[in-house]
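Nothing in this text is a laboratory measurement; each read-out follows from the coordinates by a stated rule. Keep in mind that this is a model prediction, so the values were computed, not measured. Here the Cβ positions follow ideal geometry from the backbone for every residue, glycine too, while neighbour counts run over all protein chains shown.
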Amino acid sequence: MFAVYNEQGRTFRSTLEDLYLVKGIRPVRGVKRAAHSIGDEKEPTALSYYNKEAIRAYKEVIQAKHDEVISHAYQIMKRPVISVFDTTPITDCYILLAEKSIRQVPVTNSQNIPVGLIRKEKILEKLIIEDNEIREVKASSVRELMDYPIITADPLSDIRRVAKIMYEHDLNCIPITNEADMFVGIITRTDLIYAISNFPGLTLMA
């Protein structure tokens, strides 16, 4: 299940298929169908000893982790979620991002309802920093710079579908919200890469 929020709050909550029909939410790129699936790949007839050893080791890892197969967003999302209010001063938000070493943060209104996402790049466009000190601010609050509408997923969303949305819309992250319209987690590209590298079954199971 996916949802869309703008500066007024939630405007949509339904399936991935319905998301494609939402006005104003358009993928920036499509997904090309692979020429063949992993299951269709044939092993080369002549493999070096090291290649064979790598394949054997990979299969052992998959077998060892068969009980750790992950498929839902809640299994890889980061929590608790760091967020800011739409009224938060730009300077405070910049300091928070720097302290937490993150590049973006979800935004809520005074009722804690998701309304957007603020990125470090956009903040830097409005700040003049010299000698690690903020000298000039060209925007007052997060609300002026936040991205909206934003797409979110629910905790039980399939990880592959989350990855599909992130790819098609060129997103660095996707917040996770529950039915009560609260941020409960966030998934970044790094989280997806970690999941794929540490849970090989994720890349093989349909």
Between Ile70 and residues 5 or more places away or on another chain, the pairs with built amide H atoms under 5 Å apart involve Leu202
When Tyr5, Tyr94 are ranked with the fewest other C-beta atoms within 10 Å first, the list becomes Tyr94, Tyr5
Expected unfolding gain across Ala180-Ile193 under the 0.36 nm per residue rule, minus the alpha-carbon gap, is 1.8 nm
Using the Cα centre of region 98-206 as the reference point, and only Cβ charges (+1 on K/R, -1 on D/E), how large is the resulting charge dipole? Debye, rounded to the nearest 20.
180 debye
Rounded to whole Hz, the Karplus (6.51, -1.76, 1.60) HN-Hα couplings of region 143-155, x for glycine and proline
4, 6, 10, 5, 8, 7, x, 10, 9, 10, 10, 9, x
Distance-filtered residues of region 158-196 - backbone nitrogen under 12 Å, label point 7 angstrom along Gln75 Cα→Cβ:
158-160, 195-196
Assuming 0.36 nm per residue, please report the length gained on full extension of the stretch Ile113 to Leu96 beyond their Cα-Cα distance.
4.1 nm
For His169, what residues show an amide H to amide H distance below 5 Å, using hydrogens built from the backbone and excluding near sequence neighbours?
Val28
Cα convex hull of region 145-196: mean projected area in nm², to one decimal?
4.0 nm²
